[in-house]
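This report concerns only the one structure given below.
What follows draws every value from the coordinates through simple rules; no lab data is involved. Bear in mind that the values here come from a model prediction, so they are computed numbers and not experimental data. Here the Cβ is made from the backbone with ideal geometry for all residues, glycine too, and neighbour counts use every protein chain on show.
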There are 2 protein chains.
Amino acid sequence: MKNNMKNMDKFTIINELARRRGFFWQAYEIYGGVSGFVTYGVLGAKLKQKIENKVREIFSKAGIVEIEAPIIAPAKVFEASGHVENFKEPMVECLKCKKKIRADHLLQEALKMSSSETEKLSLEGIKEVIDRNGVKCPECGGNLSEPRYFLTMFTTTIGPYSDAIGYGRPEAAQGIFVEFRRLYELARDKLPFGVMQIGHALRNEISPRQGLIRLREFTIIDIEFFFDPEDPQCHIMKDVEDEGLRLLLAETRLRGLEDITEVTVGEALNKGYIKVPWQAAFMALAKRLLVELGVPENKQRFIEKLPWERAHYSRQSFDQEVYVDRWGWIEVSGHAYRTDYDLKRHMQFSGVDMKVFKEYDCPIEVERKVLKPQMARLGPAFKNEAQKIAEMLSEVSPEEFETSIKEKGHYILGNYKILPEHVEVAVERVKETGRRFIPHVTEPSFGSDRLVYVALEYAYKIKNDRVILSFPRDIAPIQIGVYPLVSKDGLPEKAQQLRQMLINEGFTVEYDEAGSIGRRYARADETGIPLGITVDYETLKDDTVTIRDRDTWKQVRNRIEALPDLLHKYFRMKIDFNDLGKPV
Amino acid sequence: MKNNMKNMDKFTIINELARRRGFFWQAYEIYGGVSGFVTYGVLGAKLKQKIENKVREIFSKAGIVEIEAPIIAPAKVFEASGHVENFKEPMVECLKCKKKIRADHLLQEALKMSSSETEKLSLEGIKEVIDRNGVKCPECGGNLSEPRYFLTMFTTTIGPYSDAIGYGRPEAAQGIFVEFRRLYELARDKLPFGVMQIGHALRNEISPRQGLIRLREFTIIDIEFFFDPEDPQCHIMKDVEDEGLRLLLAETRLRGLEDITEVTVGEALNKGYIKVPWQAAFMALAKRLLVELGVPENKQRFIEKLPWERAHYSRQSFDQEVYVDRWGWIEVSGHAYRTDYDLKRHMQFSGVDMKVFKEYDCPIEVERKVLKPQMARLGPAFKNEAQKIAEMLSEVSPEEFETSIKEKGHYILGNYKILPEHVEVAVERVKETGRRFIPHVTEPSFGSDRLVYVALEYAYKIKNDRVILSFPRDIAPIQIGVYPLVSKDGLPEKAQQLRQMLINEGFTVEYDEAGSIGRRYARADETGIPLGITVDYETLKDDTVTIRDRDTWKQVRNRIEALPDLLHKYFRMKIDFNDLGKPV
């Protein structure tokens, strides 16, 4: 087994193990499978839930709250967000076998171009590279069509009218942005505040082939954090400022290097590497999350995206990457400074005001231009429409009015031609009690499925030729295995009682009496069960059991009645294995 | 306020309260809203999660495990399941204003027909009723088109090929059925076992208008329980057999009555009211769930569906209904005996064997007919093809062969005409070690959103003209409110410390210092926070706080250090409010 595995990379091993043990597998296998869709089995669904709960725990301590919005949205939402325009990938079709291929991936594979290089290319650029290098269909060698863009959102219609286009959300963020007004009100009209959403999202990839790493349907964890750009103070800075971050900066990348800049959060802000303090703080939390999932610091980095690699809404983006065996560095979370882009766009598209008002500590006096309709002139000129015109003028921007007068000598107001003599542009001193502005947003965004994958790959260990999934104990899908030493003499009954007691205490427990105790331990190690409790003949006499540690295979012994309390402490990371009983 | 509310039904009140306090609201309001889509705010998302976790808890104790499959499925899945053929609603279009209307709902509204009556109607039947009664467009009075069926699944395409149709799942059940082989293997090839899925589902309703009761995107909780129809013994029967059920039986309904038959689970099975023991057991668990969500027994019933009301896959269905103020009895869960329908269909459509093998306790001897090729006759007749024919005969059913011989005097095997003399039909005694069969399925299926709605409606109470959401304490979205008596003299700092301590202990806590303590209590009552802890001047001296009960407004006092342990017990329903401290 070990020799076989030497020739396989971990991606293959993990996928095989995941399928066999029921963590996950390609969905719809009986119909040949569909690329980009997975089903999580019992262990995988539990692992995924525990990882998502860990994200909830870490970010809710920072004050983030959670909502749940739909996956399907009307077209308008993703027109406003810019996705209809930007969420697309270049595609070519083989003119011979009719296969459709993602063009940038094709160039990366055929010509070893980097993704950073292909992301710069326009459709014309792609065509030019294809023609110059004679790139052909990788399947049949046929000639390729002109490249065109393929919209990578799932499209549907909502209700019985065919013009009511709907899209499957490619990100959960928009479900938060469109509800901003209500969420702000529920936050009692105060900034900053952050809202999280965990749920399925859809990206209609052209030809996904990377297991959990690239899915058409996946689970996204989007956190949108709204703050005042003039007051970006971060309340949790004290907790994170000394946390170390490993940055691969854009300036380093532009010099063709991959050197890591190691800094604390505080230094990253002082040196201007990260623009927004809250973003830096969330990057620190993201790093801690991955450490808690079992990925050591030196297998993590934050890569700053180059301007042309960034999403259309972002002013600064870092991808948190984890090193994995087959693919090298892969993204597990993105940290984007989305500015006021999304709220501004929804304001334009919906007409609903997304500005917030923030009171100054004390009001300030400012000079402001105002338009004063001269009724003595307007009256004679426009008769009984003068009053209406005066009202309309109150909506006109004084600056716009002045420019028009300067350039054309008049200002067109609806159907009326307004001359300089009709209006006086006056300067007033007014008290301002606060400012109105669109909040800015910084966004940490995690892919649950990728977190599951890296947790699995980093849990994977070999000991004495046997596989152990060494999950951190607080994310292990099953916490405790319960085993009768043998299947007779009342041991199974005693073990079943113990199992039921532990379930009633809220633990996730597996009972197993099939095969030798050694085989059962091995099975438990391979599914990552941290503790095994064995009921033996001693148990019938004195109510003690052995407890076995998955990673060290050490055993301790203790009375059953002492277990619930100790086990709760153990899984809350408050005590260690050795505290669970006396060494055997 | 109270007088106003007298004129409103609870549906209106709950929706208004839900919107104002952030439980839920119609999604995409800034774009005019889209019918059938809601967004859950912070309180609603928490309430929904807690309700879903309660379902998990109740059913996992019965051994049910959970998986997570995709929402989008390839067409084949829903062709096999029968949904493409059956999941549709009759629709008419107004020839004048072009409005599209669900035809059965129109007849229910215009002619006061019952849903049980309209469900019987074919398209022709609907047309006949419309013509006979002169039913017109309810919006503009225009004439209506011929009725036609509208497929109520969301349709999309998967990937870049336009023929790769995909559907949004209208139920999560199929995601379990298509993975049956793998799930059975993971259950170590043993029946019975049950698999749950909780996730979003999509039904493209023609014109939904009932808030959380009828959504286009909703959360479904489907539990598929696989069992041997010849061994339907239920392992949890002892726990549920004395549980009372209120049944409205089909036979009662057919007599035009609504009388409830009150029986225990055991009686319902003995009298044959419920065909499958596991189904009866799950109905008992469903009843307990609703009681725990705050719906008393006498506001629940199980209505047996009439044959034409049942889904295409069901042999017996009960809907668990809850009485609500505006709509009367509404379904909150369905309990269907799906038999082997789904697995059989997927077996037909995929060609994958869905049968399981069950060993007998001891092998049995059975008589079986076999075909014995008579080589002495076949040889001369078919020369060197005789051997091939002998092999082909081993695949032929002896019964089919005999029938053909009896009726036609020969049997056509491929291109060969086989005569009686070529084959002897012998009877052999063989040992059978077990049987092969397709497992049967009984399914409890809950709508999360409806559970949220009824939990809200039943939590709604008025006390001294004030609103209280009296959630059972274990589903309350926020568990504890923390309040400084006044916003000065160090009380807010002390209260913040307390808040942080409680959060670290894992409680959901809200801190509020805005307004008088009375107003803060009122706000907390309206959001359903079971306990309020107030920090006052005493606290600074002796570290004691008052704890206030949401429902009785009683107060007790205790030391802060005693709280974590007591509160954990209180929220696990192990102690009562009076145990939390000394009466004030």
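Please state, as a whole number in µm²/s, the translational diffusion coefficient that the Stokes-Einstein equation yields for the stretch A:113-202 at 4 °C and 1.567 mPa s, with Rh defined as the Kirkwood radius across alpha carbon pairs.
73 µm²/s
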How far apart are the B:ILE405 label points across copies, placing each 7 Å from Cα toward Cβ, in nm, shortest first?
11.3
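How big is the convex hull of the Cα atoms of chain B, per residue, in Å³?
Once divided by residue count, the hull of chain B is 242 Å³.
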What residues of the stretch B:36-60 lie in the reach of a label at B:GLN210, counting those whose backbone N is under 14 Å from a point 7 Å from the Cα along Cα→Cβ?
B:36
Which one of A:TYR537, A:PRO492, A:VAL584 has its Cα pushed farthest toward the positive end of the charge dipole of the stretch A:482-584, where Lys and Arg give +1 and Asp and Glu give -1 at the Cβ?
A:VAL584
Return the sequence-ordered ³J(HN,Hα) values of the stretch A:267-280 in whole Hz as given by the Karplus equation 6.51 cos²θ - 1.76 cosθ + 1.60 applied to θ = phi - 60°, using x for Gly and Pro.
5, 4, 6, 4, 7, x, 5, 10, 6, 10, x, 4, 4, 4
Amide H proximity to B:VAL324 below 5 Å, modelled H, separation 5+ or other chain, gives B:TRP329, B:ILE330
Per residue of chain B, what 222 nm ellipticity follows from adding -39500 (n - 2.57) for every DSSP H run with n ≥ 4, rounded to the nearest 500?
-9500 deg cm²/dmol
Between A:ASP551 and A:ARG523, what FRET efficiency follows from the Cβ-Cβ distance if R0 is 22 Å, with the result rounded to 0.05?
0.90
Considering the rotational relationship between chains A and B, which residue of chain A contributes the beta-carbon of minimal distance to the axis, and what is that distance to the nearest Å?
A:THR156, 3
Position A:LEU123, label points 7 Å along Cα→Cβ, spacing to each other copy in nm (shortest first, one decimal):
4.0
Straight-distance crosslink candidates among lysines, where the alpha carbon sits under 19 Å from B:LYS372 and sequence neighbours closer than 8 are dropped:
B:LYS383, B:LYS388, B:LYS406, B:LYS417, B:LYS431
For A:LYS463, what residues show an amide H to amide H distance below 5 Å, using hydrogens built from the backbone and excluding near sequence neighbours?
A:ILE468
For label points placed 7 Å from Cα toward Cβ, what is the shortest-first list of nm distances from A:GLY63 to its copies?
5.0
Along principal axes, Cα extents of the stretch B:88-151, largest first, whole Å
29, 25, 16
How fast does the protein assembly as shown diffuse by Stokes-Einstein, in µm²/s, taking the Kirkwood radius from C-alpha pairs at 4 °C and 1.567 mPa s?
38 µm²/s
Given Cα pairs under 8 Å that are at least 6 residues apart, what percent is the relative contact order of the stretch A:88-151?
48 percent
Identify all lysines with a Cα-Cα distance to B:LYS127 below 30 Å; exclude those on the same chain that are fewer than 8 residues away in sequence.
B:LYS88, B:LYS96, B:LYS98, B:LYS99, B:LYS100, B:LYS112, B:LYS136, B:LYS305
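Taking the Cβ-Cβ separation of B:ASN86 and A:GLU146 as r and a Förster radius of 41 Å, what is the calculated FRET efficiency to the nearest 0.05?
The computed FRET efficiency comes out at 0.40.
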J(HN,Hα) series, the stretch A:423-437, from Karplus relation 6.51 cos²θ - 1.76 cosθ + 1.60, nearest Hz, glycine and proline x
9, 9, 8, 9, 10, 10, 9, 10, 8, 9, 8, x, 10, 10, 7
Coordinate range along principal axes, alpha carbons of the stretch A:23-62, Å, largest first
44, 18, 7
Sorted by number, the cysteines in chain A with no other cysteine beta-carbon under 4.7 Å are A:CYS234, A:CYS362
Can you compute the FRET efficiency between A:LYS355 and A:GLU428 using 1/(1 + (r/R0)^6), with r the Cβ-Cβ distance and R0 = 35 Å? Round to the nearest 0.05.
0.95
Checking the cross-link filter: which lysines have an alpha carbon closer than 21 Å to that of B:LYS61, excluding same-chain neighbours under 8 positions apart?
A:LYS46, A:LYS48, A:LYS50, A:LYS494, B:LYS48, B:LYS50, B:LYS190, B:LYS238, B:LYS287, B:LYS569, B:LYS574
Hey, can you rank B:80-89, B:435-444 by average C-beta count inside 10 Å, highest first?
B:435-444, B:80-89
With labels modelled as points extended 7 Å from the Cα through the Cβ direction, what inter-label distance (nm, one decimal) is found for A:GLU402 paired with B:ARG188?
8.4 nm
With +1 assigned to the C-beta of every Lys and Arg and -1 to the C-beta of every Asp and Glu, and no other charges, what is the dipole magnitude of chain A about the Cα centre in debye, to the nearest 20?
1300 debye
Amide hydrogen neighbours beyond the local backbone of B:LYS88, cut-off 5 Å, H modeled
B:THR152
Can you put B:CYS140, B:CYS362 in order, fewest other beta carbons within 10 Å first?
B:CYS362, B:CYS140
In sequence order, what are the phi-derived ³J(HN,Hα) couplings for the stretch B:107-124 according to the Karplus relation 6.51 cos²θ - 1.76 cosθ + 1.60 with θ = phi - 60°, rounded to whole Hz, with x for glycine and proline?
5, 5, 7, 6, 10, 6, 6, 7, 5, 5, 6, 5, 5, 7, 7, 7, 4, 4
Can you tell me, using C-alpha contacts under 8 Å and at least 6 residues apart, the relative contact order of the stretch B:478-583 as a whole percent?
24 percent
Please report the antiparallel percentage of DSSP beta bridges with both residues in the protein assembly as shown, rounded to the nearest 5.
90 percent
Within 10 Å of each Cβ in B:155-167, the average number of Cβ atoms from other chains
5
Distance in nm between pseudo-label sites at A:ASP242 and B:GLU117 (7 Å out along the Cβ direction from Cα):
7.8 nm
Explain nothing, just the number: relative contact order of the stretch A:358-435, from Cα pairs under 8 Å at least 6 residues apart, as a whole percent.
56 percent
Taking the Cα centre of the protein assembly as shown as origin, work out the dipole magnitude from +1 charges on Lys and Arg Cβ and -1 charges on Asp and Glu Cβ, in debye rounded to 20.
600 debye
